[in-house]
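K.L.:
Here it is, the structure in full.
FYI, it's all coordinate maths here, none of it is from the lab. No experiment lies behind these values; they were computed from the predicted model shown. Ideal geometry is used to build each Cβ from the backbone, glycine not excepted, and the neighbour counts take in all protein chains shown.
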Amino acid sequence: DIVMTQSPLSLPVTPGEPASISCRSSRSLLHSNGNNYLDWYLQKPGQSPQVLIHLGSSRASGVPDRFSGSGSGTDFTLKISRVEAEDVGVYYCMQALQAPLTFGGGTKVEIK
Amino acid sequence: EVQLLESGGGLVQPGGSLRLSCAASGFTFNTFLMNWVRQSPGKGLEWVSAMSGSGSSTYYSDSVKGRFTISRDNSKNTLYLQMYSLSPEDTAVYYCAKAHCGDDCTDYLDYWGPGTLVTVSS
């Protein structure tokens, strides 16, 4: 199974400031088709997860452009250019390259 | 509008069984792979199982293989998860989630239901 490792575990942020979350996989998520099968999800308090970024860097429909994903192979980053209060919750990376799908342990983003 | 609604959760004794359902609407159900993902209280997300749109392919995590069975009734737009030999470690909110790319592939999970809570306790 592909192991996903996220850091940090917790991220206190100041509204208006940038934030960054790292995700590392135990093997490359780069498919022969050129896509990185790495997604980012946000689970807001009391809600189901929602996709933010898919295939490493593509923003999902309706996701604000302050969210961006980058990286390739085994190292990926989710960046929030200017954090807003509504961005609090737990962020998960997930690999979709092969079954079983596996998630990172999560990063809890909270407002300072 | 895509909607997924899980049901069937509840309290069950260790060793017992339970069947979860996920009613889907707003998309052509039989053309998309569907997943079950669970979340233990206060913990992270764990993928459990998936089934292709046609029903011809199934996938399981090692933690549930041999105890859980995924199925679907495309005439009823419903996904199921039959769970046997339940243990307290299976206590979790169970979400059904739709794969975006099609019949037997996963690029990302684009829609999730609100989840149903399964509690395994004596």
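K.L.:
For segment A:1-56, list the strands (runs of 3 or more DSSP E) that sit wholly inside it and hold at least 2 residues that are closer than 17 Å to residue A:83 by Cβ, touching a residue at least 40 places away in the same chain (Cβ under 8 Å) and within 11 Å of chain B (Cβ to nearest Cβ); which are they? Spell out the reasoning first.
P.N.:
Details: elements: A:4-7, A:10-13, A:19-25, A:38-43, A:50-54.
Where strands (runs of 3 or more DSSP E) fall fully within segment A:1-56 and carry at least 2 residues being closer than 17 Å to residue A:83 by Cβ, touching a residue at least 40 places away in the same chain (Cβ under 8 Å) and within 11 Å of chain B (Cβ to nearest Cβ), they are A:38-43.
K.L.:
May I pose another question? Considering segment B:78-101 alone, what residues qualify as being surrounded by fewer than 17 Cβ atoms within 10 Å (Cβ to Cβ) and more than 13 Å from chain A (Cβ to nearest Cβ)? Walk me through how you get there before you give the answer.
P.N.:
Going through segment B:78-101, the residues surrounded by fewer than 17 Cβ atoms within 10 Å (Cβ to Cβ) turn out to be B:82, B:84-85, B:87-89, B:101.
The answer is B:82, B:84, B:85, B:87, B:88, B:89.
K.L.:
Condition check: surrounded by 20 or more Cβ atoms within 10 Å (Cβ to Cβ) and touching a helix residue (DSSP H, G or I) at 6+ places or on another chain (Cβ under 8 Å). Does residue A:21 satisfy that?
P.N.:
When the stated conditions are applied, residue A:21 does not pass them.
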